[in-house]
């Protein structure tokens, strides 16, 4: 856990105790005895949350709440109350308090509330940033969306690749944006003013694929009194995107290999080669190495097209990008339909982040369009969204279970691979209800 917490309590012993508790949980705590001093630190740019006692001299917690929300109505304020002040705390909830915690309370009750409040605060501030951010003229920024480390690295690699003449293989599941990457490479290269041709090899009829790709001269095929230019030739001098190259039959793969090596094609029935001088970008939903092992993909073609390989992450692997992406897609859909984009509250965004999005960017884009039309006004998972603490717990359990499975239930191999001590592993397995017998290899 991490995040800024502004703690306000006139009791010095309680301030010190809570400060120690929260700092041990990884929070950055600023503790103050007076509410008016705390107000000096609060504003629209404050990135943390406030935890305040209700009973304080000069300015009590409710008055402090009203003054704090006047500075920023989205600021999460958690109130700590004694038993006799519960009705007052409930009233404060109606005035905009994020939560109240009744004394005495377990430390986990407070830290869990703070973690949820910090997550909501981060989303609130991101919403504001998005509203203030102007559209970019950079095609790379417009096509490759996301501010997380994964997509920042993808954009960096694209800029480097675009300045060269290297062919590229883009690997990623459906909806991760493979064609957008290919377009971004083209538009940031010196070929930007030349053709960009997309050829979906999975969509071409098997009995027509060669004629579609290479074209033919008049009379070369039955019933063809006129010649036809192949799709590959349309990309002369530009960029040719071979989408789902793993779908190409082996015979066609052999011809594509020659095309990529020679940068030229020979239409069916022609005696001369047609120069292409194009860059090739290929894509695949599956690792082509697996197809080579199965015998359905040529290894020499793989080695020819994977000079540079870009692997696109799943959307659920970059959850930090989901809120910004959803709002961007919502704004784009609103402009296309000439509607006003509806407001999206932070709670809804937290629910959106909690979804798995198996369809990746494509599914998220569709969800934004449905949200705009009011056909999906609750794009939430079946269960309530997990808190940050709950997500950490789930990740820890899954990581330990995966390591146990990989190591056939061997505890020594597991705690060594995870960098844990033997006792720590035992404690965590007991905590998560994991038994080594469930992971032992057969035999």
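Some values worked out for this structure:
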| quantity | calculated |
| --- | --- |
| Conditions (1) within 19 Å of residue 170 (Cβ to Cβ); (2) touching a helix residue (DSSP H, G or I) at 6+ places or on another chain (Cβ under 8 Å); number of the one not met by residue 309 | (2) |
| Number of the condition not met by residue 220 [criteria: (1) touching a strand residue (DSSP E or B) at 6+ places or on another chain (Cβ under 7 Å); (2) surrounded by 15 or more Cβ atoms within 10 Å (Cβ to Cβ); (3) closer than 23 Å to residue 303 by Cα] | (3) |
| Matching residues in segment 134-148 - criterion: being in contact (Cβ under 8 Å) with a residue 24 or more places away in the chain and under 16 Å from the mean Cα position of the chain (by Cα) | 143, 144, 145, 146, 147, 148 |
| Residue ID - nearest to residue 188 (Cα to Cα), chosen from residues in segment 290-306 that are out of contact with any helix residue (DSSP H, G or I) (no Cβ under 7 Å at 6 or more places or on another chain) and part of a helix (DSSP H, G or I) | 303 |
| Selection count where residues are over 16 Å from residue 259 (Cα atoms) and crowded, with 16+ Cβ neighbours inside 10 Å, scope segment 280-299 | 7 |
| Entirely in segment 88-174, the helices (runs of 4 or more DSSP H) that have 1 or more residues that are closer than 30 Å to residue 362 by Cβ and at pLDDT below 85 | 107-132, 139-143 |
| Number of positions in segment 79-115 that are under 21 Å from residue 345 (Cα atoms), loosely packed, with under 15 Cβ neighbours inside 10 Å and in contact with a strand residue (DSSP E or B) (Cβ under 7 Å, 6 or more places away or on another chain) | 1 |
| Checking residue 355 against (1) part of a loop (DSSP other than H, G, I, E, B); (2) out of contact with any helix residue (DSSP H, G or I) (no Cβ under 7 Å at 6 or more places or on another chain); (3) surrounded by 15 or more Cβ atoms within 10 Å (Cβ to Cβ); (4) at pLDDT below 85, the condition it does not meet | (4) |
| Index of the failed condition, residue 277 passing every other in (1) surrounded by fewer than 17 Cβ atoms within 10 Å (Cβ to Cβ); (2) in a helix (DSSP H, G or I); (3) in contact (Cβ under 8 Å) with a residue 12 or more places away in the chain | (2) |
| Unmet requirement for residue 193, which otherwise passes all of (1) buried (at least 19 other Cβ atoms within 10 Å of the Cβ); (2) more than 25 Å from residue 297 (Cα to Cα) | (1) |
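Residue by residue, here is whether (1) within 17 Å of residue 267 (Cβ to Cβ); (2) touching a helix residue (DSSP H, G or I) at 6+ places or on another chain (Cβ under 9 Å); (3) assigned to a helix (DSSP H, G or I); (4) free of Cβ contacts under 8 Å to residues at least 60 places away in the same chain holds:
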site	(1), (2), (3), (4)
198	no, yes, no, yes
213	yes, yes, yes, yes
223	yes, no, no, yes
226	yes, no, no, yes
237	no, no, no, yes
253	no, yes, yes, yes
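The values are calculated or read from the model by the stated rules, or taken from the named source; none is laboratory data. As the structure is a prediction and not an experimental result, all values here were calculated from the model. Using ideal geometry, Cβ is built from the backbone for each residue, glycine included, and neighbour counts are taken over all protein chains shown.
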